[in-house]
Amino acid sequence: MTSETTQTNQHTIAVLVDNEPGVLARVIGLFSGRGYNIESLTVAETRRGRHLSRITIVTSGTPMVIEQIKAQLSRLIPIHEVSDLTMEGPYVERELALVKVKGAGEKRVESLRIADIFRARAVDSTNETFVFEIVGTSNKIDAFVDLMKPLGLIDISRTGVVAISRGTESLEGDD
Amino acid sequence: MTKEQMNGSEIVLKALVDHGVTEVFGYPGGAVLPIYDAIFKQNRLRHILVRQEGGAVHAAEGYARSTGKVGVVLVTSGPGATNAVTGLTDALMDSIPIICLTGQVPTHLIGNDAFQEADTTGITRPCTKHNYLVRSVDDLARVMHEAFLVAESGRPGPVVIDLPKDVLMAMGDYLPKNKVALKSYKPQLKAPTKTIKDAVAMIKAAKRPIIYAGGGVINSGPKASQLLTQFVKATGAPCTLTLMGLGAFPATDKQYIGMVGMHGTYEANMAMHDCDLMIAVGARFDDRITGRLDAFSPGSKKIHIDIDPSSINKNVAVDLGIVGDVAHVLEDLMKVWKASQAKIEAKALKAWWGQVNKWREKDSLKYVQTGQVIKPQHALCRLQEMTDKLKREVYITTEVGQHQMWAAQYLAFEKPNHWMTSGGLGTMGYGLPAALGVQIAHPKALVIGVAGEASFMMNMQELSTIAQYRLPVKILILNNFYMGMVRQWQELMHGSRYSESYMESLPDFVKLAESFGMKGLRASKLSEMDGMLEEMISHDGPVIADLNVDPKENVFPMIPSGAAHNEMLLGPDDKASESNSQTGMVLV
Ligand SMILES: Cc1ncc(C[n+]2csc(CCOP(=O)(O)OP(=O)(O)O)c2C)c(N)n1
Ligand SMILES: [Mg+2]
């Protein structure tokens, strides 16, 4: 086999599903049962009352595995659409993280300075701690987290990636 | 117009009747008592009482496979549902349409570890095509109709409907079946014209084509088998079938080169290996078919026709995937083929058949019957000869093991839906209840369950069901006193250390039959065999025939696991290469 067919790549996949009990378990069970990777997964109902949820999955695999993942997802009965954003053209991808840093003196000041560069906001502060809110690509959040480590990072909560295609494409269609 | 009000149980039964169901295989219990009460009060549905819920699912599988209809199962909550799990998994692997109704504790008790509560939808999620927990009687009719749509369309499969007892007792409206459609589920039946044209172009250019067809042809309906036959004739190519595909193409046709795969014929496996174009029709490149993947048919282009997009490029990368129903695709393919007066170059085809016939001359299914010790292969050949003479329809089910492979190799299937076996899951205990289900569907037919003595014992409680409904099923046990297939692998791969594979303390099968009021027969010498088989066939009630066969016989030819198609063992004197047996050891 050529290196092109055996190389593992990361893909961001958007999935539109009926918002019904068990649907997330079906998706997660599919990934664990068939041994696929989940790097991140987010899910929420998109518009109240339409009973549709959107799941964004970041996964990785060879081209054949990625093709399988999409085909297997499409096979689940409550799934309406599966879109491989990585393959299907330009898209925007964002993640939000809340990062708690504990420190005093120069370190505390330094954390504020870095937060400013990253356009992270302090959404909570005590005498000893800040909670920063940062939005961006996962890489940007990774970089921010790395810089905060020596400054007293004690807790992180990340949403996982949400993503949407650029331009006029739509997964849901209009109402 | 006022809507029809009825209770949940009546909605369930009405939906079954509206979908043409006439038989239900089941076993009662607390959570489904309301349904049993509704069954008691009507006479349109016949309930077949099995002896264990696992038997109900296999019976429904046999029923479904032999009729093309959905098989329906009814079991109680908790242990009733968990007992059904093996059958559901079996049906999923072999794409058999099943609706399994499971009782559930009342909705307000769900999650409380109530008596006989099990998380049935959780447990069956990975072993069904889809499942439902019905939380309100208002959803019940819709779910029933959806379940039929899901179970029988596209790639068929099992669907579980979990029914809390309060939902079964609540009053609700009946929604007619034509009011239901599923937005997110629309299997593609017809393939795009372009892929059909591309396929024709590839077939025309082939010099060494082979058609490899599987269970998907059977699932697509009898018309698909007819179209497959036309297609094989039109191209002139050799045709091989998978274990699940037997009957999709007539076994006695000259273009049939036998079963493919681990215990397929030499000519079929060699032709798969050396072809330049493989046309897979409703077959899924299972590991029992491909052998070692990186050595699988290395020089061929591949076309794959399948209704399930996820089957395409799963195990083997193909050059052209055609997503669609086999009958639809073959019909379109034949149209384009005829319209363009396509032909495969005659000279090339002749040379290819020359090669195939050379492989055929090896006669890879030959066996030697001498003396009085019965060879199982010979028993099956004689059975085939005897049933050939009958005017009746003959249906065969099997258990799992050596006898299953011999039945696949030595019995000849001319038509689809006459061969019922557990292929994907390989479930011992499938054959006896499946035979029962087939006989329910075809009361006049000759139904023969070819069994191993070990598998037979896995669901032999269903003898009682057979007795109760006076089903004239014939169980032919090829009794080798071993879990023969296990013994074979121990001999070939584990230095003949026969660990726990000998069948100690078997019952006296003749007396066992008699204890259920059936006929029991036994033959242990060749001179007794024909008479016993004839008596079994002609007896008009159920029979258990205990045929004592050579305990040492192995199934050949064989592609040892981890080996390629052109590395077959043809008989006991062939040895697997050392490196292959090392890598093969870890495979199943
Ligand atoms: C439920 C189940 N358990 C275990 C196995 C593993 N297995 C495959 S074949 C076989 C032996 C079958 O013995 P028998 O029914 O006597 O058939 P034979 O091979 O002797 O013809 C076993 C144990 C299986 N397929 N199914
Ligand atoms: Mg045996």
So, in the range A:144-164, how many residues would count as being open to solvent by less than 40 Å² (accessible area, probe 1.4 Å) and either among the β-branched types (Val, Ile, Thr) or within 14 Å of the chain's Cα centre (by Cα) (or both)? 4
Just one of the numbered conditions (1) within 13 Å of ligand 1 (Cβ to nearest atom); (2) over 16 Å from the mean Cα position of the chain (by Cα) is not true of residue B:373; which one? (1)
Residue B:371: passes all of (1) free of Cβ contacts under 8 Å to residues at least 60 places away in the same chain; (2) away from ligand 2 (no atom under 16 Å from the Cβ); (3) surrounded by fewer than 21 Cβ atoms within 10 Å (Cβ to Cβ) but (1)
Going by the conditions given, is residue A:71 modelled with pLDDT of 95 or more and touching a Gly at 6+ places or on another chain (Cβ under 9 Å)? no
Hey, residue B:295 hits all of (1) away from chain A (no Cβ under 14 Å); (2) over 29 Å from residue B:188 (Cβ atoms); (3) open to solvent by 10 Å² or more (accessible area, probe 1.4 Å); (4) of a type in the set (A, V, I, L, M, F, W, C) but one; which does it fall short on? (1)
Selection count where residues are away from ligand 2 (no atom under 16 Å from the Cβ), in contact (Cβ under 8 Å) with a residue 40 or more places away in the chain and open to solvent by less than 50 Å² (accessible area, probe 1.4 Å), scope the range B:478-511: 1
What number goes with the only condition from (1) open to solvent by 10 Å² or more (accessible area, probe 1.4 Å); (2) within 16 Å of ligand 2 (Cβ to nearest atom); (3) of a type outside the set (A, V, I, L, M) that residue B:430 does not pass? (1)
Every residue in the range B:230-249 that is surrounded by fewer than 18 Cβ atoms within 10 Å (Cβ to Cβ) and either at negative phi or without any contact (Cβ under 8 Å) to a residue 40 or more places away in the chain (or both), please. B:230, B:233, B:234
Considering only residues of the range B:108-145 that are open to solvent by 60 Å² or more (accessible area, probe 1.4 Å) and at the interface with chain A (Cβ under 10 Å from one of its Cβ atoms), which is farthest from residue A:34 (Cα to Cα)? B:135
Please tell me if residue B:564 is surrounded by 21 or more Cβ atoms within 10 Å (Cβ to Cβ) and either aliphatic (A, V, I, L, M) or under 20 Å from residue B:370 (Cβ atoms) (or both). no
Taking the stated definitions as given, is residue B:379 over 29 Å from residue B:25 (Cα atoms) and either within 15 Å of ligand 1 (Cβ to nearest atom) or assigned to a loop (DSSP other than H, G, I, E, B) (or both)? yes
For the range B:535-555, enumerate the residues that are in a loop (DSSP other than H, G, I, E, B), open to solvent by 50 Å² or more (accessible area, probe 1.4 Å) and over 17 Å from residue B:502 (Cα atoms). B:539, B:540
Do we find a residue being in contact with a helix residue (DSSP H, G or I) (Cβ under 8 Å, 6 or more places away or on another chain) and within 13 Å of chain A (Cβ to nearest Cβ) anywhere in the range B:165-173? no
Got at least one residue in the range B:210-226 being aromatic (Phe, Trp, Tyr), more than 14 Å from chain A (Cβ to nearest Cβ) and surrounded by fewer than 20 Cβ atoms within 10 Å (Cβ to Cβ)? no
Quick one: what pairs do we get from the range B:131-154, first residue among the small types (Gly, Ala, Ser), second open to solvent by 10 Å² or more (accessible area, probe 1.4 Å), C-beta under 6 Å, 6+ apart or different chains? B:141/B:174; B:141/B:175; B:151/B:70; B:151/B:97; B:153/B:187; B:154/B:187; B:154/B:307
Using the structure shown, decide if residue B:475 is under 30 Å from residue B:157 (Cβ atoms), in contact (Cβ under 8 Å) with a residue 40 or more places away in the chain and within 16 Å of ligand 1 (Cβ to nearest atom). yes
Which of (1) away from chain B (no Cβ under 14 Å); (2) more than 23 Å from residue A:135 (Cα to Cα) does residue A:96 not meet, given it meets every other one? (2)
Residue tally, condition surrounded by fewer than 22 Cβ atoms within 10 Å (Cβ to Cβ) and over 17 Å from residue B:71 (Cβ atoms), over the range B:19-33: 4
When the range A:122-143 is checked residue by residue, the ones that are over 15 Å from the mean Cα position of the chain (by Cα) and loosely packed, with under 14 Cβ neighbours inside 10 Å are A:123, A:124, A:125, A:126, A:127, A:128
Residue check, residue B:412 against (1) crowded, with 21+ Cβ neighbours inside 10 Å; (2) aliphatic (A, V, I, L, M); (3) under 20 Å from the mean Cα position of the chain (by Cα), all met but one. Which one? (1)
Return the total of residues in the range B:382-398 being outside any helix (DSSP H, G or I) and open to solvent by 80 Å² or more (accessible area, probe 1.4 Å). 3
Mind listing whichever residues of the range B:146-159 are away from every other protein chain (no Cβ under 12 Å) and closer than 10 Å to residue B:99 by Cα? B:148, B:152, B:158
So which residues in the range B:16-30 are out of contact with any Leu (no Cβ under 8 Å at 6 or more places or on another chain) and closer than 17 Å to residue B:160 by Cβ? B:19, B:29
Have a look at B:161, B:203, B:218, B:196 and point out the one that is among the β-branched types (Val, Ile, Thr) and closer than 22 Å to residue A:21 by Cα. B:161
Which condition number in (1) buried (at least 24 other Cβ atoms within 10 Å of the Cβ); (2) away from ligand 1 (no atom under 14 Å from the Cβ) is the one that residue B:404 fails? (2)
Residue satisfying condition, being in contact (Cβ under 8 Å) with a residue 40 or more places away in the chain, small (Gly, Ala, Ser) and within 14 Å of ligand 1 (Cβ to nearest atom), within set B:517, B:423, B:437: B:423
Identify, from the list B:207, B:190, the residue that is within 30 Å of residue B:423 (Cα to Cα), at pLDDT 95 or above and part of a loop (DSSP other than H, G, I, E, B). B:190
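The values are calculated or read from the model by the stated rules, or taken from the named source; none is laboratory data. Since we're looking at a predicted model, the values are computed, not measured. Ideal geometry is used to build each Cβ from the backbone, glycine not excepted, and the neighbour counts take in all protein chains shown. Surface accessibility is based on the protein's heavy atoms, side chains included, excluding ligands, DNA and RNA. Shrake-Rupley method; radii C 1.70, N 1.55, O 1.52, S 1.80 Å.
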